[in-house]
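*Asks:* Sharing a structure with you now.
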Amino acid sequence: MEDIKVHPDSSRLDILAAVCERASEIHEKEAEIVKKVDENSLTTDTTIANQQIRNYDQEEENCIVGKKRKEEILPMSQIVNDRINELEKKVREVKFIMEKNIYYTDVSETHNRLSIPTTQIVEKFLTDEEEEYLCMCSTGNKKNFKKVRVIDPCLDIGELELRRWEMKKLDKHKEKSKMSVCYVLNGKWTKMRIRNKIEKGNRIQIWAVRMDDDELIIVLVKLK
């Protein structure tokens with residue numbers, strides 16, 4: 001601290017006080033410099049984090065393959081239409097639910113369900129009454145389910161259970177959980193999947209056929 005000016009007649013106590021005062025000034029300046037550096041670093045980190053969030057959201061949006069323009073959807077084949085006509089009921093309407101990849105959880109015997117994420121549904125296929133019913137609980141505080149007939153890729157007809165699941169997912173970027181909703185087909189799904197040789201990586205279409213007596217029939221079409 002050569003820049004400290006000390007009077008020749010100053011005592012040792014005066015010199016010590018001057019040194020302490022100068023040291024305090026230097027410490028305050030250094031603390032201010034560190035603070036400015038931290039603020040600049042925080043601004044940079046926040047900008048990067050926000051960019052990562054935007055990139056994450058964009059990638060997530062790009063992964064949603066269910067929402068297609070109708071002209072891009074492969075139409076239901078005639079052989080499937082013929083199978084529906086064999087039910088000896090009049091078809092009131094046909095809705096395209098979604099086209100999806102088969103993932104690990106769709107083929108896991110432990111999970112035993114085919115997921116239908118609501119974010120990927122192209123056309124609303126349930127009535128308001130059915131949606132409300134699936135949101136309600138029955139005895140034992142268990143969510144209601146709806147038994148539906150399903151025409152599988154082999155054109156056999158089976159019965160599965162349609163349920164509405166709500167799952168909480170932790171948003172790592174916002175450090176809080178968000179609700180994810182999807183429908184699932186379970187019950188005897190694993191048996192149907194094995195019989196139809198549906199494997200991870202396959203691609204399927206899911207259709208909803210509403211008959212004139214209001215019966216809902218689900219059609220699964222395995223794509224090549």
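Just so it is clear, none of the values below were taken in a lab; they were calculated from the coordinates. Computed from a predicted structure; not experimentally measured. Please note: Cβ atoms are built from the backbone with ideal geometry, for glycine as well, and neighbour counts cover all protein chains shown.
*Asks:* If amide hydrogens are placed 1.01 Å from N in the peptide plane, which non-local residues have theirs closer than 5 Å to the one on Ile97?
*Replies:* Ile206, Trp207, Ala208
*Asks:* Give the order of Met76, Met179 when sorted by the count of other beta carbons within 10 angstrom, beginning with the fewest.
*Replies:* Result, fewest neighbours first: Met179, Met76.
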